[in-house]
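Let me begin by presenting the structure, written as structure tokens, before commenting on it.
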Amino acid sequence: MLKIYTLNMKILIFGGAFNPVHKEHVNMFAAAFNAIGCGKAFVIPTAVSPHKSGQMQASPEQRLKMCSLAFGGFKNTVVSDYEIKNGGASYSYITCEHFKELYPQDELYFLMGADMFATFGSWKNPSRILACATLAVCAREGEEPVTKSLKNFNNNFSGSVNIINYTGAKVSSTAVRVKAALGYDISADVPQLVAQYAATNGVYLNKKLAEAQTFLKPKRAAHTLRVAVMAAKNCSRVNCSELTAVTAAALHDAAKNLPTDSPLLKGFTPPQDVPDPVMHQYSGAYLAENYFGIKDPDIINAIRYHTSGRAGMSPLEKLIFLCDMLEEDRNFDGIDALRAAFYRSIDDCFYLSAEHQYKYLLSTGSPVYYLTEQAYEYELNRRKN
């Protein structure tokens, strides 16, 4: 690479999975570039992010192309394939040392969001990053104040931090991936050229899951999307892949608006003595296995018991049950306490949610489905023991 030096030129380095790159990545980059007064910048998609295994992935070439489309309008900005060409896990200290070797006379700034800054101490060789570059940190809506992380940083490191006076909107790459997988338009979240590229090339699209959304009424489809996003954001807590969690969530209500005699359910035999609000979990599991070809028994069971629960649920089953019950548009007495419990412990939250559901049904005089009663009693006994 040709080295052209300008004494004390400020160079911005912006690395990340960019899976996919979204509007707030671009806005954050522009704010930092201008606030610092950079003369050059490098945007560097990872080959493999060591912190983000298990995600639904666009290929490295697709992520590189989307970054080129997103940042192509910025002067003096290079979208670099340095980490992709190196392959394997991408570590920021190696990248920073590489660019410091290329530009030894210049000032490097390593850009990150407040969420990454809060975990900086857990990165591999963070001191080697600080030996090469000043951290440039932008906040995002809904994140912990940067000042708290800065205090922790100053207690543990001697490097420099430049807090950029910019707070971006809350945009989640996870939510964008889920929307794209389910066939939704993502142009509100990503630059227009990126949205067009993703749509044309089917980036993230899962045709089975997208088709399932067409079986649903709009309100039910919107609920399903929220459940899928919540499941994707929490899948690592139950040690399952993002695709597994999203598949179970995207199909959990797929038969909700289908009559049991629908041609799509040909061969389905409805179980006896099932309350009407519960029946769709059984028809949904049948649809997932026999129409969509899902063979993973854990996914099938997560669909089959997402309304009633059952004794001895797997971690994935609990996740889908809870995301269905607690997604952001749900509203009932006690939900705030259950949501708080969810982010502390999925197991504890499932017990509290099973208890809430059981006692609510008793209080209304509604019949309690036997699986719901068994789920509550199982969790109660497990808690006692």
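The values are calculated or read from the model by the stated rules, or taken from the named source; none is laboratory data. In this text, all values refer to a predicted model and were calculated from it rather than measured experimentally. Note that we place each Cβ from the backbone using ideal geometry, even for glycine, and neighbour counts take in every protein chain shown. Ligands, DNA and RNA are excluded from the accessible area calculation, which covers all protein heavy atoms including side chains. Shrake-Rupley method; radii C 1.70, N 1.55, O 1.52, S 1.80 Å.
Tabulated values for the structure
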item	result
Value of Rg/Rh across the chain [Cα atoms, Kirkwood radius]	1.04
Alpha-carbon Rg/Rh ratio, for the stretch 126-279, with Rh computed the Kirkwood way	1.14
Percent breakdown of C-alpha pair distances by 10 Å bin, ordered from the shortest bin, for the stretch 226-377	12, 41, 36, 11, 0
Rg and Dmax of the stretch 237-299, Cα atoms only, in Å	12.4, 38
Taking N as its residue count, the alpha carbon Rg of the stretch 102-199 over 2.2 N^0.38 Å	1.33
Cβ-based net charge around Thr214, under 14 Å, with every Lys or Arg adding one and every Asp or Glu removing one	+3
Separation in nanometres of the label points that stand 7 Å from Cα toward Cβ, at Ser127 and Gln196	5.0 nm
FRET E, pair Asn86, Lys359, Förster distance 41 Å, beta-carbon r, rounded to 0.05	0.15
Cα long-axis angle, helix 315-326 against the chain (0 to 90 degrees, to the nearest 10)	90 degrees
Backbone HN-Hα couplings from phi across the stretch 268-282 [Karplus 6.51/-1.76/1.60, Hz, Gly and Pro as x]	6, 10, x, x, 7, 6, 9, x, 3, x, 9, 3, 5, 5, 6
Length released on extending from Asn162 to Ser262, taking residue separation times 0.36 nm less the Cα-Cα span	30.0 nm
The stretch 19-82: equivalent-ellipsoid semi-axes (sqrt of 5 x gyration tensor eigenvalues, Cα, Å)	22, 12, 11
Two-site FRET efficiency, Ser314 against Arg382, from Cβ-Cβ distance with R₀ of 22 Å, rounded to 0.05	0.95
By accessible area with a 1.4 Å probe, ligands and nucleic acids excluded, highest first: order of Leu319, Leu243	Leu243, Leu319
Computed label-point distance, nm, for sites Asn290 and Asn239 using a 7 Å Cα→Cβ extension	3.4 nm
Placed amide H near Val48: partners under 5 Å, 5+ positions off or other chain	Ser90
Chain lengthening between Asn152 and Val48 when straightened (0.36 nm per residue, less Cα-Cα)	34.7 nm
Mean residue ellipticity (222 nm) of the chain, computed from DSSP H runs ≥ 4 via -39,500 (n - 2.57), nearest 500	-15500 deg cm²/dmol
Spin-label model distance (nm) - Asp273 vs Lys207, 7 Å beyond Cα toward Cβ	4.4 nm
Under-5 Å amide H pairs with Phe110, H placed in peptide plane, nonlocal only	Ile13, Thr134, Leu135, Ala136
Cysteines in the chain that, by Cβ-Cβ distance, have no pairing candidate under 4.7 Å	Cys38, Cys67, Cys138, Cys235, Cys240, Cys323, Cys349
